[in-house]
Amino acid sequence: MQVIKTISHLKEILDQARASKKSIGFVPTMGALHEGHASLVRQSVLENDITVVSIFLNPTQFNDPKDLERYPRTLVSDCELLEKCGAQIAFAPSVEEVYPETDTRTFSYPPTDTVMEGEKRPGHFNGVCQIVSKLFYITNPDNSYFGEKDYQQIAVIRRMVEDLRFKTRIIPCPVIREENGLAMSSRNTLLTKEEKNIAANIYKVLSESKNTQMSLKETESWVTDKINSIDGLVVEYFNIVNGLTLASIDSWNDTDNIVGCITVYCGKTPIRLIDHIRYK
Ligand code: PAF
């Protein structure tokens with residue numbers, strides 16, 4: 001596997017690959033890779049001639065500097081994992097390489113980027129669109145792989161791809177979970193063992209909520225109250241929304257694509273965890 005640091009070098013290699021009619025799969029990451037990322041990379045390796053994985057901790061999508069500061073950085077072990085998964089290229093540029101000047105572009109795709117994470121983390125999706133659009137321009141992939149753990153992010157990126165007419169296919173990949181049900185996330189390494197066990201209750205309660213016969217609004221309150229009653233967990237929001245537009249809905253009959261999205265603070269630090277559940 002090649003580790004490439006500059007845009008010009010990556011473009012040169014990918015131009016040659018395209019000239020020899022090779023398909024390009026792309027997996028954008030911020031590093032601190034785990035089995036969830038590995039599953040995206042393996043899928044890309046199966047479906048493309050060349051898999052490029054970007055490892056770039058994108059500062060423009062962090063609205064909280066402390067969150068950026070404590071984000072795990074593990075380039076050496078990340079590259080080892082990518083090599084094992086069969087990726088051909090790791091693209092690990094510096095911040096100066098990606099942003100030689102401040103990126104002043106703005107993106108707006110309501111309601112996908114204004115509700116939930118969009119409301120709680122102002123500027124977050126703008127930063128995601130800045131980096132993902134740059135990476136799409138650089139790699140021009142046939143297929144791009146995103147984890148459904150960041151469910152809202154995929155909805156925003158789909159809108160950006162339509163808007164900017166990128167030709168890449170967006171391939172959503174299922175959440176990979178720990179044995180206890182906790183959604184895998186780079187942030188999980190910041191949790192203690194005990195906190196990980198507590199955090200497993202998030203998905204447990206979400207799963208249980210599929211079997212209650214309550215109205216949509218009652219389900220929102222039931223999940224929120226049940227998780228808040230567990231020591232060490234505080235719900236920031238739990239919204240049951242249209243699974244495509246992410247617009248809020250009032251009844252189970254409003255659409256046939258319904259997803260519940262949750263953000264929970266866990267532990268003393270505390271660590272912000274997100275998850276979701278599909279109702280239909
Ligand atoms: O999902 C992530 O890890 C990031 O938001 C992404 C897509 C790599 C952009 O920095």
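The values are calculated or read from the model by the stated rules, or taken from the named source; none is laboratory data. What you see is a predicted model, and the numbers here were worked out from it, not measured in a lab. Every residue, glycine as well, gets a Cβ built from its backbone with ideal geometry; the counts of neighbours run over all protein chains shown. The area values use the complete protein model at the heavy-atom level, side chains included, leaving out ligands, DNA and RNA. Shrake-Rupley method; radii C 1.70, N 1.55, O 1.52, S 1.80 Å.
If a residue must be within 11 Å of the ligand (Cβ to nearest atom) and among the aromatic types (Phe, Trp, Tyr), how many such residues does segment 152-175 contain?
0
Could you list, in sequence order, all residues of segment 73-102 that are without any contact (Cβ under 8 Å) to a residue 40 or more places away in the chain, assigned to a helix (DSSP H, G or I) and acidic (Asp, Glu)?
Correct list: Glu80, Glu96.
Residues checked against (1) among the aromatic types (Phe, Trp, Tyr); (2) within 18 Å of the chain's Cα centre (by Cα); (3) surrounded by 20 or more Cβ atoms within 10 Å (Cβ to Cβ):
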residue	(1), (2), (3)
Ser144	no, yes, yes
Ile154	no, yes, no
Ser185	no, yes, yes
Thr192	no, no, no
Ala200	no, no, no
Ser207	no, no, no
Lys210	no, no, no
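Are any of the residues in segment 185-208 assigned to a helix (DSSP H, G or I), within 16 Å of the ligand (Cβ to nearest atom) and β-branched (Val, Ile, Thr)?
Checking segment 185-208: at least one residue is assigned to a helix (DSSP H, G or I), within 16 Å of the ligand (Cβ to nearest atom) and β-branched (Val, Ile, Thr).
Go through segment 111-133 and give me each residue that's within 13 Å of the ligand (Cβ to nearest atom), surrounded by fewer than 20 Cβ atoms within 10 Å (Cβ to Cβ) and among the charged types (D, E, K, R).
Within segment 111-133, just Arg121 meets the criteria.
Yes/no matrix, rows are residues, columns are (1) hydrophobic (A, V, I, L, M, F, W, C); (2) touching a helix residue (DSSP H, G or I) at 6+ places or on another chain (Cβ under 8 Å):
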residue	(1), (2)
Glu179	no, no
Glu194	no, no
Ile202	yes, yes
Ile227	yes, yes
Ile240	yes, yes
Leu244	yes, yes
Pro270	no, no
Leu273	yes, yes
His276	no, yes
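Go through (1) of a type in the set (S, T, N, Q); (2) more than 14 Å from the ligand (Cβ to nearest atom); (3) buried (at least 19 other Cβ atoms within 10 Å of the Cβ) for Ser54 and report which single condition fails.
Unmet condition: (2).
Between Thr106, Thr114, which is more than 24 Å from Val235 (Cα to Cα) and either part of a loop (DSSP other than H, G, I, E, B) or touching a Gly at 6+ places or on another chain (Cβ under 8 Å) (or both)?
Of the residues listed, the single one that is more than 24 Å from Val235 (Cα to Cα) and either part of a loop (DSSP other than H, G, I, E, B) or touching a Gly at 6+ places or on another chain (Cβ under 8 Å) (or both) is Thr106.
Among the residues of segment 233-260, what is the count of those that are closer than 26 Å to Leu190 by Cβ, touching a Phe, Trp or Tyr at 6+ places or on another chain (Cβ under 9 Å) and open to solvent by 10 Å² or more (accessible area, probe 1.4 Å)?
Adding up the residues that qualify gives 3.
Being within 12 Å of the ligand (Cβ to nearest atom) and surrounded by fewer than 18 Cβ atoms within 10 Å (Cβ to Cβ) is true for just one of Leu46, Leu33, Leu68, Leu75. Which residue is that?
Leu68
Being in a helix (DSSP H, G or I) and in contact (Cβ under 8 Å) with a residue 40 or more places away in the chain is the filter here; which residues of segment 137-157 pass it?
Passing the criteria: Ile138, Thr139, Glu148, Lys149, Asp150, Tyr151, Gln152, Ala155, Val156.
For the structure I just gave you, tell me whether Val175 is open to solvent by less than 80 Å² (accessible area, probe 1.4 Å) and assigned to a strand (DSSP E or B).
It is false that Val175 is open to solvent by less than 80 Å² (accessible area, probe 1.4 Å) and assigned to a strand (DSSP E or B).
Output yes when any residue across segment 95-113 is out of contact with any helix residue (DSSP H, G or I) (no Cβ under 7 Å at 6 or more places or on another chain) and among the hydrophobic types (A, V, I, L, M, F, W, C), and no when none is.
no
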